[in-house]
Amino acid sequence: MTASVRSACWAIEQFTAYLHGVVFEDIFLGLARSPDLFAGWKGIAMKSKTVVAVATLLAASFAMVSTAVAQISTVTVRVDGLACPFCAYSLEKHIKAIDGTKDPVINIEQGIVTLTPVGDKTVDFDAVREAVKQAGFTPREIVVEGVGRMETIGGRATLIAEDGRELFVLAANDVLAGLEEGRREVVTFRGTVAPRRKDDDRSTLRTLTLLSATPAAKGEVKK
Amino acid sequence: MTILQERLLAPLVFCLFAILPAASSAQGPPINTDTPIMLGIEGRGFRSFLKVVRMDELLRDGDEIPDLMDRSVTVFMYPIALPYNLTPTTQIGVIAPFLTKDVESNAGDDSRSGFGDATVFVKKLIVQVDRRLETFRVAVKASAKLPTGDDEGALALGTGSFDYGFSAVAGWIKARWGLYGETIYVINTSDSGVDFGDRFSYNTAIGYRLLPKRYTRYPQPQLNLFLELNGNVVGRSDINGVENPDSGGAILFLSPGVQYVGGRRWLIEASVQVPILDEPNGTQLGTGWAASLGTRLLVF
């Protein structure tokens, strides 16, 4: 399914010249995240041009097959205020309650907690931040590591990780610039996930700032 | 029980309760000082300890004088404190002490045990500045002491009055060090014509994680050392509108302590309190020393 969706996104890319509107791009990209699919549909239903695009998307999803898949291997959250070991219990308790992650490792000396995504579930980065707040600490940057495919969708650089459930819009920086020629490459990446903007309750997209990205070795890419 | 004994011991009842709330409401790593960091084992737990206070020197205006009756008082306190975090920044709790008081003198010995006055409190975090491996927080707290202890007799277990406390506490932790400061003002109301003087308390603590030197993966056992200053200034009491000259005063303890955190859910701690300033007003028994041995358990 996800491979199909990702392929469909590629198909939609072909339509962006026709659709023009940036809003539509966001909607298409948002479709790649299954939990927000219906939110995307809601916006789509109100725009006739988009209905055409969705039909195309569905058709493309059945027609195209992708070969490369990838995954997020770790999610590391910097937790400010994590200075007292006896305080860490509440952090561990709240982090453990987050669906889709397992085995949180709290490193007091570095002030970080590392999570491992489990199964085929999507990591809810908002839930991670909220868990840290509820535990009484201040969440800072979230760094994800994994393997993903870089693609250009709607004129925007994106990175699709593990079966398309995680899709990031890539922020322009030197690391990305260094990969310009490697678009559509599968890469091992490490990057910072930007928090959702307060005024943005519609977009399902996350912006990822690459800290590093290198072409993935064959063994790192699941077929 | 002679009139002199009653004059000496009635203020003692109050003085003990002046010591108790400060000690039993300390939810943080410091043993005798409160903390604004209401997390983990301080957030939803159980705390209890045995505190022993020994008073055996008769003082007049701060100077030791011979005591022909050779009086001494030993108080054993077993407070149970239950803090509960309603939210990450709001905590409520209750403290219920069990007391045993032993009085010895040439005129005879006396002893009494039972539950003392319970205290309920609410604590609110008002400042939180978090940085990497560092936190600074300030909380305010309001408390009410309820007259749940028996206030009859010279060896009363309670004061019989509703008393109200207001405090502010600040704490800073960075790496292996922690600094804490607390001020408390307690307004004592009257009961049966007795109005104990208001109390001002001030506590400071410095903590140091002795072991492990590097704390990497949570949880690890740790050994903490503390050095605290715990002071009380108490006003004179009124009895039926007449000020009691032999009541109130000032005391300052130097309190070294050690604490072992054994895991996620428990710690044990011990502290000795030595008075470096003991100036009770008029003629009263002075405090020789105090010591505590306690534990905290995370239950929720």
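The values are calculated or read from the model by the stated rules, or taken from the named source; none is laboratory data. This structure is a prediction, so every number in the text was calculated from the model and none was measured. Here the Cβ positions follow ideal geometry from the backbone for every residue, glycine too, while neighbour counts run over all protein chains shown.
Here are the numbers for this structure:
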item: Contacts under 6 angstrom Cβ, first residue in the stretch B:80-101 being farther than 19 Å from B:A144 by Cβ and within 14 Å of chain A (Cβ to nearest Cβ), partner crowded, with 22+ Cβ neighbours inside 10 Å and among the hydrophobic types (A, V, I, L, M, F, W, C), 6 or more apart; result: B:N85/B:M38
item: Per-region count, the stretch A:131-157, residues of a type in the set (S, T, N, Q) and more than 10 Å from every other protein chain (Cβ to nearest Cβ); result: 1
item: Condition check for B:D130: within 14 Å of chain A (Cβ to nearest Cβ) and modelled with pLDDT of 95 or more; result: yes
item: Odd one out for B:D246, checked against (1) out of contact with any Cys (no Cβ under 8 Å at 6 or more places or on another chain); (2) within 14 Å of chain A (Cβ to nearest Cβ); result: (2)
item: The stretch B:104-136, residues that are in a strand (DSSP E or B) and touching a helix residue (DSSP H, G or I) at 6+ places or on another chain (Cβ under 7 Å); result: B:T119
item: Among (1) of a type outside the set (S, T, Y); (2) within 14 Å of chain A (Cβ to nearest Cβ); (3) touching a strand residue (DSSP E or B) at 6+ places or on another chain (Cβ under 9 Å), the one test that B:A290 misses; result: (2)
item: Hey, A:R149 in contact with a Leu (Cβ under 8 Å, 6 or more places away or on another chain), at pLDDT 85 or above and of a type in the set (D, E, K, R) or not; result: yes
item: Criterion (buried (at least 23 other Cβ atoms within 10 Å of the Cβ) and either under 16 Å from the mean Cα position of the chain (by Cα) or at pLDDT 90 or above (or both)) met by exactly one of B:G114, B:G28, B:G40, B:G45; result: B:G28
item: Pairs, first at the interface with another protein chain (Cβ under 10 Å from one of its Cβ atoms) in the stretch B:217-239, second among the polar types (S, T, N, Q), C-beta under 8 Å, six or more apart; result: B:R217/A:N107; B:Y218/A:N107; B:N224/B:Q259
item: Enumeration of residues in the stretch B:111-124 that are over 16 Å from B:D150 (Cα atoms) and touching a residue at least 40 places away in the same chain (Cβ under 8 Å); result: B:F121, B:K123
item: Residue that is in contact with a Phe, Trp or Tyr (Cβ under 9 Å, 6 or more places away or on another chain) and either buried (at least 16 other Cβ atoms within 10 Å of the Cβ) or not in a loop (DSSP other than H, G, I, E, B) (or both), where the choices are B:A156, B:A144, B:A139; result: B:A144
item: Residue within the stretch A:158-174 that is closer than 24 Å to B:T216 by Cβ and in a strand (DSSP E or B) present; result: no
item: Selected residue [within 26 Å of A:I108 (Cα to Cα), more than 19 Å from the chain's Cα centre (by Cα) and assigned to a strand (DSSP E or B)] from B:L223, B:L227; result: B:L223
item: The lone exception for B:R214 - which of (1) closer than 30 Å to B:G116 by Cβ; (2) assigned to a loop (DSSP other than H, G, I, E, B) it fails; result: (1)
item: Qualifying residue in the stretch B:67-78 (condition: among the β-branched types (V, I, T), surrounded by fewer than 21 Cβ atoms within 10 Å (Cβ to Cβ) and over 18 Å from B:M38 (Cβ atoms)); result: yes
item: Matching option when the condition is within 18 Å of the chain's Cα centre (by Cα) and at negative phi, among B:V299, B:V261, B:V242, B:V272; result: B:V272
item: Test: B:G165 is under 18 Å from B:N203 (Cα atoms), crowded, with 17+ Cβ neighbours inside 10 Å, away from every other protein chain (no Cβ under 14 Å) and not aliphatic (A, V, I, L, M); result: yes
